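A short write-up of the structure that comes next.
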Amino acid sequence: MMLAGGLPSVFVTFAIVAAIAAVATGLFAIETKGRVLEEASP
Amino acid sequence: MALIETETQKATGRPLPPPKPVVSTLNKPASLADLFGPLYLRRTLVVWVIWFSSYFVNYGLSIWLPTVYRTVFKLPLDVSLRYGLITQAVGLLGTLICALAIDHVGRRLWFASSFAAAAVSFGRARALPRSTAEQVLACMTVAYFFISTINIGVYLYTPELYPTRVRALGVGSRDRLASVCLHDRADRWSE
């Protein structure tokens, strides 16, 4: 039922997924705060 | 409106020009290719990563944590469900804080920091030797707090990334990803 390795391996999986997302977002996400919609997305 | 128009005419000393329609975005038909075009490909990929990751973790925690309390830590059913409820309540608080604060902080900084904070919480949970249910509850609740802010914030962010002609396509495409996470979790862990 659970991933091999039990609870700790699930925590590690979640940590890795979140860490990858943090890096990807920090590097590649565009900032839309305070921008007019038509200007941010032409 | 009439008052504004009168005042403007008085101030400028000239009659207002006749109204004319303004197209402020590119006037072309919607196409799936828009989502992967030069301007939008990067946004599509990033927003897919955000959707997939945040809901992968959210569904993992919200569906499966009460089962962990019950099967791994052998807690009674009512206590397991109450612990699950605590996590949910804190997550709800997170969404409220995000709604009030994300316009001041900015989307990119908010998402990146929240993912990082959640990752640290999971790392902390992993590092605890022979953790108790309450330690797991604390770590997972902190992680869920941050993930919840992303879950709600990305609903705001995704429509901002696309022009009106492909907004529905863009938002719909990510919806599939979140659903895939849900089905995967449910199949694997709800037994």
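The values are calculated or read from the model by the stated rules, or taken from the named source; none is laboratory data. In this text the structure is predicted, and so the values were computed from the model without any measurement. Cβ coordinates were reconstructed from backbone atoms using ideal geometry, including for glycine residues, and neighbour counts include every protein chain displayed.
Side notes on the structure shown:
- Residue within the stretch B:158-178 that is surrounded by 14 or more Cβ atoms within 10 Å (Cβ to Cβ), free of Cβ contacts under 8 Å to residues at least 60 places away in the same chain, within 9 Å of another protein chain (Cβ to nearest Cβ) and under 24 Å from A:THR13 (Cα atoms) present: no
- Residue satisfying all of: in the stretch A:4-30; assigned to a loop (DSSP other than H, G, I, E, B) and loosely packed, with under 14 Cβ neighbours inside 10 Å; nearest to the other protein chains (Cβ to nearest Cβ) among these: A:GLY5
- Residues that are surrounded by fewer than 22 Cβ atoms within 10 Å (Cβ to Cβ) and at the interface with chain A (Cβ under 8 Å from one of its Cβ atoms), drawn from the stretch B:140-157: none
- The condition (being at pLDDT 95 or above and of a type outside the set (Val, Ile, Thr)) is satisfied by just one residue among B:SER113, B:SER173, B:SER179, B:SER131: B:SER113.
Yes/no per residue for (1) within 9 Å of another protein chain (Cβ to nearest Cβ); (2) on the phi < 0 side of the Ramachandran plot; (3) in a helix (DSSP H, G or I); (4) over 17 Å from the mean Cα position of the chain (by Cα):
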| residue | (1), (2), (3), (4) |
| --- | --- |
| B:PRO38 | no, yes, no, yes |
| B:ARG42 | yes, yes, yes, yes |
| B:VAL47 | yes, yes, yes, no |
| B:ASN58 | no, yes, yes, no |
| B:VAL79 | no, yes, yes, yes |
| B:HIS104 | yes, yes, yes, no |
